[in-house]
1. Provide the gained length on full extension for the span N241 to A142, in nm with one decimal, where the gain is 0.36 nm per separating residue minus the Cα-Cα distance.
2. If you project the alpha carbons of segment 1-151 onto the principal axes, what extent comes out on each, in Å, largest first?
3. Enter the accessible area per residue of the chain (Å², integer; probe 1.4 Å; all protein chains in place).
4. Going by Cα centres, segment 129-170 and segment 11-86 are how many Å apart?
5. L259: net charge of surrounding residues, Cβ under 14 Å, Lys/Arg +1, Asp/Glu -1, itself excluded?
6. Quick check: net charge around R206, other residues with Cβ under 15 Å of its Cβ, Lys/Arg +1 and Asp/Glu -1?
7. Give the residues of segment 134-166 whose amide nitrogen is closer than 15 Å to a point set 7 Å from the Cα of A102 in the direction of its Cβ.
8. Sorting check: for 137-150, 92-105, 74-87, 205-218, which peptide has the highest mean count of neighbouring beta carbons within 10 Å, and how do the rest follow?
Amino acid sequence: MSPKALLAANWKMNPVNAGDALDLVKGVLPASTAKPELVEVAIFPPFPWLLGIAEVLEGTTVKLGAQDCFWEISGAYTGEVSPAMLKGWCQWVITGHSERRAYLGETDDMVARKTAAALANDLSVIMCVGELDEHYDAGRTAEVVTGQVRAGLANCSADDSARLVIAYEPVWAIGSGKSADPEHAYKTMRMIRKTVGELIGAGAARKVRVLYGGSVNASNVEAYVELPLCDGCLVGGASLNAEEFTKIVEVTAAVYAHL
Ligand code: PGA
């Protein structure tokens, strides 16, 4: 566990209007800036809102991130956004989110290329991994998640460790209201850490942070952030409600205040 928690707010393809996006970021700002020594908050809005939100966040402790990036720097890649374009105003990028794997056909190889490109462009990365429900039911979580970690970090080295975060998000828990049993989350996060250690060395792996994600809300966040080896949460749906996200930040700060 790092001395402060990381709470990442993944807004996904919401809100639809710029005004609502600005209202949301202003709504979560007071709590998100209240205890920066205990909780680091990073917000991941859709691409079109990044610039406007960067202006609101300027001079605050809250960091900004993109939900995806491409692996090339420039060129004939219609519709793609390069990490070099993002680094002017973003500090973070998410790679390998299960919705991109499921709806956009992202493979482990693409996730590895995006992760490496983002790191090479001075961005910090949250790389998402997680098993499908059929994997969970078949007891294959360890095999699937370990495989995604190994493949996704194929181009990474120990030098990347301080800017690398792995989010364990069981796919069956995302947006379903069925958050994972903390014991299952703990065991899987422990295995993720062991795998990262095998890849980049135990010393460097200690600097890599591991998050839990999947139906995190104000009522269950405590059970995850108090887990040993858990460095925070990736929050989707609950980050779209300023009041709910405020409570999530407050609960997390209270847990970390007692560590
Ligand atoms: P959720 O999403 O909190 O709505 O389950 C988490 C995520 O997909 O990052």
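1. 32.3 nm
2. Over segment 1-151, Cα extents along the principal axes are 44, 40, 29 Å.
3. 43 Å²
4. 24 Å
5. Result for the local shell: -2.
6. +2
7. Answer for segment 134-166: 134-137.
8. Working: 137-150: 16.7, 92-105: 19.7, 74-87: 13.9, 205-218: 22.9.
Listed from highest to lowest mean packing, they are 205-218, 92-105, 137-150, 74-87.
The values are calculated or read from the model by the stated rules, or taken from the named source; none is laboratory data. Nothing here was measured: the structure is a model prediction, and the numbers come from that model. Neighbour counts are summed over all protein chains in view; Cβ atoms, including those assigned to glycine, are modelled from backbone coordinates with ideal geometry. Accessible surface areas use protein heavy atoms only, side chains included; no ligands, DNA or RNA. Shrake-Rupley method; radii C 1.70, N 1.55, O 1.52, S 1.80 Å.
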